[in-house]
Amino acid sequence: MDYKQAICLNGHQANVDIDINESVDSFCTECGAKLITNCTNCNYPIEGDWSRSGDGFVDLTHHNVPIPKYCVKCGNPYPWTQSALNAINEMVNLSELDNNQKDDLKESVPDLLSDTPKSKLAVFKWKNIGKSILPYIRDILVEVASESIVRALYGK
Ligand SMILES: [Zn+2]
Ligand SMILES: [Zn+2]
């Protein structure tokens, strides 16, 4: 049997071992947002604690189930990923950069959130063009980006 996880729309993990056929109708205890267990675009379950599948053996060392950023089935960003993308894009829009620079930065935001072949380029762009915005998006990136990208952007 496979398990799915319940995550609130803002990306707080509530439960990682929900029966795949179970439906969850509750809210986040951190922020009150609705919990989802399936992709809001294609309804595919959000992969939960697969390590508990099988003979009922519970591996307590295996309890760091990552919160995925994109749906494995349709590739759409989950709501919390979309919120992060939107928030960063809004910061860019509010900045005093010219439109070309804004477009350049906004185009590179997905490469800041995940490790891709273009992440180094994205980091370079942000450290140069996006320097003035970086302090304001730090908290968002710490939540959603990989550690290596955060380190590359902010040092240490
Ligand atoms: Zn929440
Ligand atoms: Zn999906």
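The table below gives the values:
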quantity	calculated
Charge dipole of the chain about the Cα centre (unit charges at C-beta), most positive-ward option of A84, I137, T40	I137
Subset of K73/K106; K34/K118; K4/K127; K69/K131 violating a 31 Å alpha-carbon distance limit	K34/K118; K4/K127
Degrees separating the helix 79-94 axis from the principal Cα axis of the chain, which is the longest one	10
The chain: relative contact order in percent, alpha carbon pairs under 8 Å with at least 6 residues between	17
Degrees between helix 99-113 axis and first principal axis of the chain (Cα, 0 to 90, nearest 10)	30
Summed side-chain charge close to N41 - residues other than N41 whose Cβ falls under 14 Å, Lys, Arg +1, Asp, Glu -1	+2
Cα-based equivalent ellipsoid, the stretch 79-154: semi-axes from gyration tensor eigenvalues, Å	17, 14, 11
Residue exposure sequence - C42, C28 - by fewest surrounding Cβ within 10 Å	C42, C28
Helical contribution to [θ] at 222 nm, DSSP H n ≥ 4, -39,500 (n - 2.57), averaged over the chain, rounded to 500	-12000 deg cm²/dmol
Ratio of Rg to Rh over the chain (Cα coordinates, Kirkwood Rh, two decimals)	1.03
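No value in this document is a laboratory result; all are computed from the given coordinates. In this text the structure is predicted, and so the values were computed from the model without any measurement. For neighbour counting, all protein chains shown are included, and Cβ atoms are generated from backbone atoms with ideal geometry for every residue, glycine included.
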